[in-house]
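Accompanying notes for the structure given below.
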Amino acid sequence: MSWWLSWAQAEAFTLLGQKVTWAELIGNACALATVWLAIRRTIWTWPVQLTGNVLLFAVLVNAHLGGNAARQVMFAVLSGYGWWRWSRGMRGGDDLPVRHASAKERLALAGLLVGGTAAMAAVLHHFDASWSPVPDAYIFVGSAVATLAQGWALIEFWWIWVAVDAVGVPLAARSGLWVTAGVYGVFFVLCLIGYRDWRARSAVRAGMRLEETEAAAA
C-alpha cells in the first residue's frame, strides 16, 4: 500500500504555486469521463467512476478533507448499486429508461439532503475530521443523494450535482486543489448538457408510450 500512496502523492506539475499530484490529475480525469459517460447512458459510467474514487480518496485524505475522502468510499458502494440497477434496466441491450422523479421521491431526496448534511456535519466537527465541516458534509451527502438518484435513472440527479458543484468549487480552491476546483466548474456545464439530453430522451420515451397506448386502444 505504501508504494501506491507514494505514487498517488507524487507531483505531476505545479499550478498557481500548488502541487498537483498524479492521483488528483488522473482521478479528476476519471470523474470528468464519468459525467460524459452518464450523459451517453453507458454502463461504463460505473467502473470508470470506481477508478476515480480510489485515486481521489488518497488525494483528499492528504488534504485533510475527511468528509470528501469518506465520500469516495460512499461513491464506491453506491456505484456498485448503480451498476446493478443500470444492468437490470439495460438487460437485453435496451436503452436505459430515464424518467422524472415522482413528488414522493423528490421529497425523500430533499429530506436525505437536509437531514444527512446536519448529521454528517456534526460527526465531522466532533472528530475534527474537516476544517470546514458544514460545506464538507453538504458535498458528501449531496453527492450520495445525486449518485443514488442517478442509479434510479432519475433526471433530477443532474440538478442535485449542480447544487453540489456550487459549493465544491470554492471549497476545493480554498484547499489548494486547483485541478479539482476546475473540474467542478466543468461539471456544472456537463450537468446542464446531461439534463437537457436526459429530459429529451424522457420526452421521446413518453411519446412512444402514448402512441403505443393509443394504438392498443384503436
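The values are calculated or read from the model by the stated rules, or taken from the named source; none is laboratory data. These numbers were taken from a predicted model, which means no experiment stands behind them. To get the accessible areas, we keep the full protein, side chains included, count just its heavy atoms, and leave off ligands, DNA and RNA. Shrake-Rupley method; radii C 1.70, N 1.55, O 1.52, S 1.80 Å.
Listed values, structure above:
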| read-out | value |
| --- | --- |
| For the stretch 57-111: rounded, prolate or oblate by the Cα gyration tensor [a/c cutoff 1.5] | oblate |
| Scaled radius of gyration (Cα, divided by 2.2 N^0.38 Å) that the stretch 27-154 gives | 1.10 |
| Sequence of ILE160, ILE193, ILE43, ILE155 when ordered by accessible area, the most exposed leading, probe 1.4 angstrom | ILE193, ILE43, ILE160, ILE155 |
